[in-house]
1. For the range 225-242, give me each residue that is touching a residue at least 24 places away in the same chain (Cβ under 8 Å) and over 19 Å from residue 161 (Cβ atoms).
2. Can you pull out the residues in the range 424-455 that are crowded, with 19+ Cβ neighbours inside 10 Å and either outside the structural domain of residue 268 (by TED's automatic domain parsing) or not in a strand (DSSP E or B) (or both)?
3. Among (1) assigned to a helix (DSSP H, G or I); (2) over 22 Å from residue 402 (Cβ atoms); (3) without any contact (Cβ under 8 Å) to a residue 40 or more places away in the chain, where does residue 362 come up short?
4. Is it the case, given these coordinates, that residue 204 is under 30 Å from residue 413 (Cβ atoms), out of contact with any helix residue (DSSP H, G or I) (no Cβ under 7 Å at 6 or more places or on another chain) and at pLDDT below 80?
5. Here's a check for you: in the range 75-110, which residue that is in contact (Cβ under 8 Å) with a residue 60 or more places away in the chain and assigned to a loop (DSSP other than H, G, I, E, B) is surrounded by the fewest Cβ atoms within 10 Å (Cβ to Cβ)?
6. Only one of 374, 328, 363, 356 is over 16 Å from the mean Cα position of the chain (by Cα), outside the structural domain of residue 456 (by TED's automatic domain parsing) and modelled with pLDDT of 90 or more. Can you tell me which?
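The values are calculated or read from the model by the stated rules, or taken from the named source; none is laboratory data. Being a predicted model, the structure only gives us computed values, none of them experimental. Methodologically, a virtual Cβ is constructed for each residue, glycine included, from the backbone with ideal geometry; neighbour enumeration extends over all protein chains shown.
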């Protein structure tokens, strides 16, 4: 593998498609606002289109031809650039994760895309091989993974069932994202949709207007719910986790297969998320926080370890795949004097909104006070769920809630910093806030619990310094 190699020729086509996608917006502006002058055979905008098309085709082919890679001296060496030759050397000691994925184009030709992530990389992978064979990808992984991470015999595996994926999609809350996207899409075509004609058709059924609008709203929500399920299943279909000695190999995707290699030694924390709906049915999602940027499309550089699992089975799975982490059976609760502060923080936005509503829209504005009830309950749940637990001299767990209940499992040697903060009002109540920082992706990630008793924070500080 010391000799320079080129990617599969289909990489040139992939580069052309990528360039075309980037040029769509500027070319659309030229076509919309670029005028035509009389007497000219070809207008400026058509000339720009032809030039852009020719350059796209030429640059795609040249980029593929000039892009070479090889492995030499224990590092991946990439050379690329059409006019300016650039070289990038990636030593295997810096490699955090190696991801293998296969989009629709790659799968048509039996190819894969390999991405190499490092702790100091940018928002994108530091090394990307767009189109190589599966055998070539395995050879590169074998050559670049440190000996301690080598994967020979599969020891453990987990596969999410279709039932779990459907339940995960149904309770993920992504229906709101689908509705927002649909609203943004249809807002671009307000002038083309004949709303007046639509409502005129139903004027003869005026007494059914409310019923019709309600039916349309219910249908839209149901359709968005189905779309969110399909999107989730496509994204996480065939979700599997395989543990091989020091590595976790996570693969998923129906249309675009993606594979992530996460060294267990580089895991910084385990995060368990339960939104209210999943909590009601006893389910949770488990995430891995790792040093490498993992998948930039994931939530804040977190990688999904289990998309949906019964809470009662989390410790059993963690003991199999990441044995140094486990969820404690109980947490140290907050002092009762913190309850008032949690409730005040929860209802304060409602009060700020309700006062002008009451003043401007009497007497209907008083209905806004009904929002106090769910927010009072939210404040109580935030207080009830907040807490911490020092399991031993190496492990600590946090629990808190914004809307989703979070449990964070930390190890002392992975904590980058511990910060204690205290406001004037907290000082009067002998309370304080503790925040832990870990390295996740390119930046630090923070987890905090508000209004812990001062004595407990002193104990946490002693635990951290010991």
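1. Selection gives 225, 227.
2. Within the range 424-455, 441 is the sole residue that qualifies.
3. Only one criterion is unmet by residue 362, namely (1).
4. In short, no.
5. Restricting to residues being in contact (Cβ under 8 Å) with a residue 60 or more places away in the chain and assigned to a loop (DSSP other than H, G, I, E, B), the top hit is 109.
6. Just one listed residue meets the conditions, 374.
Rundown of residues vs (1) out of contact with any helix residue (DSSP H, G or I) (no Cβ under 6 Å at 6 or more places or on another chain); (2) modelled with pLDDT under 85; (3) within 30 Å of residue 102 (Cα to Cα), yes/no style:
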| residue | (1), (2), (3) |
| --- | --- |
| 9 | yes, no, yes |
| 23 | no, yes, yes |
| 30 | no, yes, no |
| 35 | yes, yes, no |
| 66 | yes, no, yes |
